[in-house]
Amino acid sequence: MGLSPQETSAEPDNARQSDWFDFATLLGGAPVKAILSQRNSDYQEISVDRYRKGLASQQGLPFESIAIPQQVHGNKVQLAIPGRIHKDTDGLLTIDPHAILSLQVADCAPVFFYHQPTGFRGLVHAGWRGLASGILTVTAGLLQAQDVDLCQTKVVIGPTIEMACFEVGAEVTELFSPTIWQPNSSGRFQLDLVAAVRDQLIEAGIPGARINSVDICTRCDSRCHSYRRDGELAGRMVAFFYVDSEIEE
Ligand SMILES: [Zn+2]
């Protein structure tokens, strides 16, 4: 409506082409795409909503099928409704092959769940606050309530700030087992967020052998956005998790 020819160009919403991490092979080569956008300097110039829309468009994903959690570092996990913005939600689950799960992160762990026998998928935002409130325990409980066998559920822990780069105070360490943090030379502590994720998954019933972490530190790896490295100006990486109909056929 009233758009000039320039504004209807093939590159919607201003975001330049992004490179992507793809974790599908770690989920057993299943007919799914589990992707996370790499660092993109355009991010700061547009809102995350427009950025996500541009990225979806570049991947040929119908925006009306994307379920978006409005993340608050809490422990609420919901069944995804395509096209819905899920308020106060940090994780989404679905068995609907047409639903596209999404998430945004910059240091916190994006955690992908996949149960191939049923096609159940999950995508959960796990930082220290969410872990302290048991978000992965909640996720596992919801999967079980949907008759998903946790023993057959595969999990990928995406790029996350790693222990050497993640300094926290005593108020954080007291929420976690002493096995996953150490004091540092400045009187504070280094927390192993990946171990915290892994421990909570195993405690909840996911076999350790089915959990893969990609071992990419968001603060060290220039392909990642990092809140700890870039502060308030940090961009966000956007994850999408969906059934790839081209692979399926
Ligand atoms: Zn690092």
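Just so you know, all these numbers are worked out from the coordinates, no wet-lab data involved. Just so you know, these numbers come straight off a predicted model, no measurement behind them. Using ideal geometry, Cβ is built from the backbone for each residue, glycine included, and neighbour counts are taken over all protein chains shown.
Key figures
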item	result
Whole-Hz ³J(HN,Hα) from phi, Karplus 6.51 cos²θ - 1.76 cosθ + 1.60, for the stretch 219-232, glycine and proline x	6, 7, 8, 5, 6, 10, 7, 9, 5, 5, 7, 10, x, 4
P(r) histogram, all alpha-carbon pairs of the chain included - 5 Å bins from 0, percent	1, 6, 14, 18, 20, 16, 12, 7, 3, 2, 1, 0, 0
Under the Karplus curve 6.51 cos²θ - 1.76 cosθ + 1.60, θ = phi - 60°, whole-Hz ³J(HN,Hα) for the stretch 164-176, x wherever Gly or Pro sits	5, 9, 10, 8, 9, x, 4, 5, 8, 4, 5, 8, 10
For the chain, calculated [θ]222 nm from helices alone, where every DSSP H run of n ≥ 4 adds -39500 (n - 2.57)	-5000 deg cm²/dmol
Length-normalised contact order of the stretch 148-209 in % [C-alpha pairs under 8 Å, at least 6 apart]	40 percent
Normalised contact order of the chain, rounded percent, pairs of Cα under 8 Å and 6 or more residues apart	23 percent
Isolated Cys residues of the chain, judged by Cβ distance under 4.7 Å to other cysteines	Cys108, Cys151, Cys165, Cys224
Of all DSSP beta bridges in the stretch 64-221, antiparallel share, percent nearest 5	65 percent
37 °C / 0.692 mPa s Stokes-Einstein diffusion coefficient of the stretch 152-191, Kirkwood radius on C-alpha pairs, µm²/s	287 µm²/s
Set of lysines near Lys53 by C-alpha distance (under 25 Å), chain-local residues within fewer than 8 positions excluded	Lys33, Lys76, Lys87
Residues whose placed amide H lies under 5 Å from that of Asn212, excluding near-sequence neighbours	Val155, Val156, Ile157
Kirkwood hydrodynamic radius of the stretch 49-94, Cα pairs, Å	11.0 Å
In order through the stretch 89-96: 3J(HN,Hα) via Karplus (6.51 cos²θ - 1.76 cosθ + 1.60), integer Hz, x for Gly, Pro	10, 10, x, 10, 10, 7, 10, 6
